[in-house]
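Following: one structure in structure tokens, then a few remarks.
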């Protein structure tokens, strides 16, 4: 086993341990660390949507950005760049969020749900891999969102600074924010624990380049499974933790914040997989890159926020009862947008590729 394998296995165990700890401290079951869910909660906290059960300024997300920022600066890995198809990235970010809220979770939560015994997430995993496989077909045909450009340093500091501002609001002026009194948004670990968890996860992700998309993509394309080992370590750690806590509940029905519509669990994460391949990374990776100076990822994260606002203001997000009619219509709109962006960016000259 190489040093790289050991680093990734350790990162998976650490992330799994943090997920277990956050659940014990108050975060929702099978949602200890869901990027899509927590970005959605933050969008509600600042009033971008008014779904009262999912509103909270999640310190975990703030921590990921700031952790990646601190580590990237410390290791002289802070590279400020951007300018690659910003509006396409914004739209793809929206599509990723809408797909995630149809499934009810991002790739991170997919693994946490599987580790908790939710078989619906296994269906989602199949859709996720299928979406990545479709995205690989675009990559093989020369898909690219064109080159990035080096920007001034101050441009890369703005998004971490915005997250510091969010943290100040949460701690010093919470009355300016919206907070859930019931539902998943009301289930939260203490601020200090959530922030510390985010800082660790953000810093680790910056160093080991952890990404749920690239791990599966590289396994399919290059038969390189080292990052998949990290996902397995994460899953097994949370699985063992759930067993020890008596929280492992295998089955399709009665899972926390989940539905058992097979087709839409598959399609929701299919959209997430496909759009994330075109973006070059999963929602978690986009947050880490945004904290590391990549303004293209900042634009993508803003798309995630707007997608969350659309999903809850227009009734696109699923519930325990299943997907909504509006959500199904939104899926076909989003898959069309994603495919149009995919096909319109094929066969570019090699020197224009990112």
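The values are calculated or read from the model by the stated rules, or taken from the named source; none is laboratory data. Just so we're clear, the structure is a prediction, and the values are computed from it rather than from any experiment. Cβ: placed from backbone, ideal geometry, glycine included. Neighbour counts: every protein chain shown.
Structural remarks
- Filter result (under 30 Å from residue 342 (Cα atoms), touching a helix residue (DSSP H, G or I) at 6+ places or on another chain (Cβ under 9 Å) and exposed (fewer than 14 other Cβ atoms within 10 Å of the Cβ)) within the stretch 143-175: 158
- Scan of the stretch 98-117 for residues that are assigned to a helix (DSSP H, G or I) and under 24 Å from residue 219 (Cβ atoms), ordered by number: 99, 100, 103, 107, 108, 109, 110, 111, 112, 113, 114, 115
- Looking across the stretch 176-193, the residues that are part of a helix (DSSP H, G or I) and touching a helix residue (DSSP H, G or I) at 6+ places or on another chain (Cβ under 9 Å) come down to 176, 184, 185, 191, 192, 193.
- Here 227, 245 are screened, and the one residue that is surrounded by 22 or more Cβ atoms within 10 Å (Cβ to Cβ), modelled with pLDDT under 95 and over 30 Å from residue 46 (Cβ atoms) is 227.
- In the stretch 118-146, residue modelled with the lowest pLDDT [restricted to those that are farther than 15 Å from residue 265 by Cα and not in a helix (DSSP H, G or I)]: 146
- Any hit, the stretch 7-19, residues being surrounded by fewer than 24 Cβ atoms within 10 Å (Cβ to Cβ), modelled with pLDDT under 95 and in a loop (DSSP other than H, G, I, E, B): no
- Among all positions in the stretch 29-48, there is at least one residue which is farther than 17 Å from residue 298 by Cβ, assigned to a loop (DSSP other than H, G, I, E, B) and in contact with a strand residue (DSSP E or B) (Cβ under 9 Å, 6 or more places away or on another chain).
- Residue list for the stretch 217-261, filter: under 21 Å from residue 18 (Cβ atoms), in a loop (DSSP other than H, G, I, E, B) and free of Cβ contacts under 8 Å to residues at least 24 places away in the same chain: 246
- For the stretch 282-328, a residue qualifies if it is farther than 22 Å from residue 110 by Cα and in a strand (DSSP E or B), and exactly one does: 294.
- Flag: residue 271 matches the condition of being buried (at least 24 other Cβ atoms within 10 Å of the Cβ) and closer than 12 Å to residue 94 by Cα.
- Any hit, the stretch 82-97, residues being surrounded by 24 or more Cβ atoms within 10 Å (Cβ to Cβ), in a helix (DSSP H, G or I), without any contact (Cβ under 8 Å) to a residue 60 or more places away in the chain and within 18 Å of the chain's Cα centre (by Cα): no
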